[in-house]
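What follows is a short report on a single structure.
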There are 2 protein chains.
Amino acid sequence: MNYQTLKVDLADRSYPIFIGPDLITNSKLIQKYISGKKVLIVTNETVAPLYLDILKNSLEGLEIDQIILPDGEQFKTLDTVNSIFTHLLENKHSRKTTLIALGGGVIGDMTGFAAASYQRGVDFIQIPTTLLSQVDSSVGGKTGVNHKLGKNMIGAFKQPKAVFTDTNTLKTLPKKELAAGISEVVKYGLIIDYLFFEWLEKNIEGIYELDEKTIQYAIKQSCLVKADVVNQDELEAGVRALLNLGHTFGHAIETALGYGKYLHGEAVAIGTVMASYLSVLEGKISYADHIRIIELFERVDLPVLAPESMTADDFIEKMSVDKKVLDGKLRLVLFEKMGEAIISDSFDQEKLIQTLNTKNFRNFS
Amino acid sequence: MNYQTLKVDLADRSYPIFIGPDLITNSKLIQKYISGKKVLIVTNETVAPLYLDILKNSLEGLEIDQIILPDGEQFKTLDTVNSIFTHLLENKHSRKTTLIALGGGVIGDMTGFAAASYQRGVDFIQIPTTLLSQVDSSVGGKTGVNHKLGKNMIGAFKQPKAVFTDTNTLKTLPKKELAAGISEVVKYGLIIDYLFFEWLEKNIEGIYELDEKTIQYAIKQSCLVKADVVNQDELEAGVRALLNLGHTFGHAIETALGYGKYLHGEAVAIGTVMASYLSVLEGKISYADHIRIIELFERVDLPVLAPESMTADDFIEKMSVDKKVLDGKLRLVLFEKMGEAIISDSFDQEKLIQTLNTKNFRNFS
């Protein structure tokens with residue numbers, strides 16, 4: 001047994017996350033988590049040629065159905081989810097069916113929402129094939145789709161029956177997407193686990209180069225931090241919002257430039273640097289610590305500059321429909337100190353504007 | 001206080017149902033169940049001219065937003081729910097908003113699903129204005145929309161914060177719709193509460209003529225029966241399926257003839273008579289009891305004949321995508337005896353075919 005197991009405990013909806021190589025081919029383990037006789041694999045055009053057939057081999061004995069969606073965040077829509085419903089109905093899937101998400105976060109989010117909503121809820125299993133989805137989407141049960149007026153505005157909380165994080169899949173992942181995933185890994189260190197941040201400063205190249213031991217530790221530690229936060233706050237009333245470090249700025253960037261221009265993790269890296277910048281202005285962290293964050297991102301080729309085309313007004317407009325706005329008051333995840341984030345609505349408005357007007361966050365004037 | 005209160009206890013999601021006249025104008029009571037500063041009233045073209053303004057009066061002090069949808073089951077679609085999302089986003093509703101469903105079951109189902117899915121869940125309140133929605137949709141948390149391939153195939157379980165059943169609204173309800181609601185009231189007696197069925201045999205005209213005391217009792221008793229069943233089985237694994245008495249046949253009729261030809265409760269009345277007919281063939285209830293059911297429906301002008309145009313094959317085709325089919329095996333709600341329904345997949349197939357070929361269910365050959 002060369003994989004690790006992490007149990008996510010959420011009251012009556014606990015489930016295991018398996019982390020290691022060769023999980024997609026582990027037929028016996030996967031089938032343990034399928035209670036009916038029929039499954040629908042939901043995947044996309046990029047992942048299907050790589051892993052669909054080997055997954056189908058592992059599902060031998062079951063009635064296997066599949067739907068291959070176009071690849072990309074721009075297809076994470078209610079229309080695409082509706083095409084899953086149509087497929088399920090045309091192929092007479094009952095309430096006993098299991099949906100299997102084979103792909104990255106977009107596939108996981110849509111499959112989870114489809115599973116939450118089809119006949120008001122069927123089982124689902126996640127096989128995340130990107131680092132981002134392995135460290136982010138596999139814990140917490142957030143599913144959903146984008147709306148033309150905002151990201152992730154429609155969805156459900158839905159826990160999977162099990163998550164199979166096959167680290168082999170990272171070998172076929174473009175470096176750019178690997179980096180985008182590392183951006184979220186760094187986030188976990190920054191918000192709540194300073195020792196993990198220090199470990200990342202020593203080991204980030206090991207993740208980027210897919211050293212098996214390093215990558216397993218990074219994924220497991222990320223899932224542990226996220227599970228810890230989610231456990232404290234399953235429905236996101238409070239502390240869970242810390243996971244949105246960099247996301248309010250990041251979402252504004254994604255919305256303004258159109259989905260697909262920056263990868264989600266790339267936009268979050270820029271957003272995290274912006275939150276860090278504002279935290280320096282607020283006197284919460286030092287300039288030196290701020291530069292540590294920028295340099296860690298740069299070591300894995302993540303963007304750390306604000307888009308040239310975006311004005312402060314662009315940011316404000318896009319941020320105000322973000323979910324992090326409560327009753328009209330902008331709340332941001334900022335640093336209290338290194339390795340400890342807080343949710344704040346009491347930052348100085350002029351310092352926020354200064355941040356929104358900055359392009360290179362090494363510069364303070 | 002001329003209203004009655006019924007508390008629906010569902011673990012951490014309990015809520016009250018208020019039943020009586022003049023509830024829409026009871027500003028103080030309604031506002032007790034709104035925690036944010038902003039609301040969106042979701043209603044339709046038929047109900048809006050009658051009750052929208054008086055509801056808005058009761059919401060004075062809050063930021064009131066409204067969306068008026070077209071009226072009819074044919075608009076109970078994902079597209080219509082998406083128009084609610086668009087409205088919410090355009091008007092910058094946050095997670096703290098409350099959606100208020102003002103209308104019948106279609107409005108309640110769509111508003112509930114929108115509330116379940118908008119930003120992965122916001123509060124909602126139900127003000128059901130039809131008898132059907134007062135006795136059916138207000139307990140159990142089932143929300144959702146139709147798909148062109150089947151009714152209620154997409155949705156969520158979502159409990160309201162409170163239900164305000166204003167019996168005054170029944171005065172503006174067409175008699176045909178009142179009867180459709182009575183069809184569901186009769187169902188509660190039939191599946192589990194024989195004494196209530198006997199009470200209905202004595203009092204059904206009192207409901208049809210809107211005697212306040214009679215109507216309050218009928219609504220309350222219906223909600224109690226439903227709450228009892230739902231409490232035993234919140235996620236519909238077992239006993240809750242009894243509530244689908246007449247629904248598998250009824251849904252097939254609605255799907256085959258197109259939504260809107262028969263009211264839901266009318267189709268359920270026919271479906272209930274079909275279930276009763278098959279139960280006679282199976283030797284579970286007597287011919288005389290079967291005729292009691294037909295005659296009770298006839299006293300409030302409900303249809304009791306199968307549609308001339310539908311063949312047995314039409315029924316079978318439409319029933320096989322119904323949610324009540326588990327792994328390819330048709331399950332029906334049938335009678336074990338009068339006042340006691342069971343879920344069965346062991347009925348005689350030929351007797352089912354005979355039922356599906358029958359038009360007038362007084363005839364046994």
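Readers should treat all values here as calculations from the given coordinates under stated rules, not as data from a laboratory. The shown structure was predicted, so the numbers you read here are calculated from the model rather than taken from an experiment. Cβ: placed from backbone, ideal geometry, glycine included. Neighbour counts: every protein chain shown.
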Just to be sure I understand: of the beta bridges DSSP finds with both ends in the range A:4-172, what percent are antiparallel, rounded to 5? 30 percent
Positive-end residue, chain B charge dipole about Cα centroid, Cβ charges, pick of B:Asn363, B:Met274, B:Leu170: B:Leu170
Can you give me the relative contact order of chain A as a percent, contacts being Cα pairs under 8 Å and 6 or more apart? 15 percent
Of A:172-180, B:250-258, ordering from highest average Cβ density within 10 Å down gives B:250-258, A:172-180
DSSP loop (so not H, G, I, E, B), at most 15 other Cβ within 10 Å: list which GluC sites (Glu not before Pro) in the range A:57-149 pass both filters. A:Glu60
Relative to the Cα centre, what is the charge dipole magnitude of the range B:4-172, using +1 at the beta carbon of each Lys and Arg, -1 at the beta carbon of each Asp and Glu, and rounding to the nearest 20 debye? 520 debye
Average the reciprocal distances over every distinct pair of alpha-carbons in the range B:175-357, invert the result, and give the Kirkwood radius in Å. 16.4 Å
Cα-Cα P(r), chain B, percent of pairs per 10 Å interval: 5, 26, 34, 23, 9, 2, 0
With Rg and the Kirkwood Rh both taken from Cα atoms, where does Rg over Rh land for the range A:4-172? 0.92
Rounded to the nearest 10 degrees, the helix A:175-192 long axis (Cα) sits at an angle to the longest Cα principal axis of chain A of 70 degrees
Relative contact order (percent, whole number), the range B:1-83, Cα cutoff 8 Å, 6+ residue spacing: 26 percent
Output field shielding_mean for A:92-99 (other chain Cβ, 10 Å radius) holds 4
With both bridge residues required to lie in the protein assembly as shown, what share of the DSSP beta bridges run antiparallel, to the nearest 5%? 45 percent
DSSP-loop trypsin sites (Lys or Arg not before Pro) across the range A:260-365, with at most 10 other Cβ within 10 angstrom: A:Lys359
For the protein assembly as shown, just the Cα atoms, rotate onto the principal axes and tell me the three extents in Å, largest first. 87, 61, 36
Percent relative contact order of the range B:184-281, based on C-alpha pairs within less than 8 angstrom and at least six residues apart? 25 percent
B:Ile41's amide H: which non-local residues (gap 5+, or another chain) put their own amide H closer than 5 Å, with H modeled 1.01 Å from N in plane and none for Pro or chain starts? B:Asp65, B:Gln66, B:Ile67, B:Ile100
Cα-centred dipole magnitude for the range B:78-215, charges only on beta-carbon of K, R (+1) and D, E (-1), debye, nearest 20: 700 debye
Across A:Leu69, A:Leu50, A:Leu88, the residue with the highest GNM fluctuation in chain A (Cα network, 10 Å cutoff) is A:Leu50
What is the distance in Å between the Cα centres of the range B:112-176 and the range A:1-60? 36 Å
CD proxy, 222 nm, the protein assembly as shown: helix-only mean residue ellipticity via -39,500 (n - 2.57) per DSSP H run with n ≥ 4, per residue, nearest 500, stands at -13000 deg cm²/dmol
Roughly what angle does helix A:264-281 make with the longest principal axis of chain A, taking Cα atoms, 0 to 90 degrees, to the nearest 10? 30 degrees
When each copy gets a label point 7 Å from Cα toward the beta-carbon at A:Arg362, what are the spacings between them in nm, shortest first? 9.3
Modelled label-to-label distance, B:Ser14 and A:Glu212, 7 Å Cα→beta-carbon offset: nm? 5.5 nm
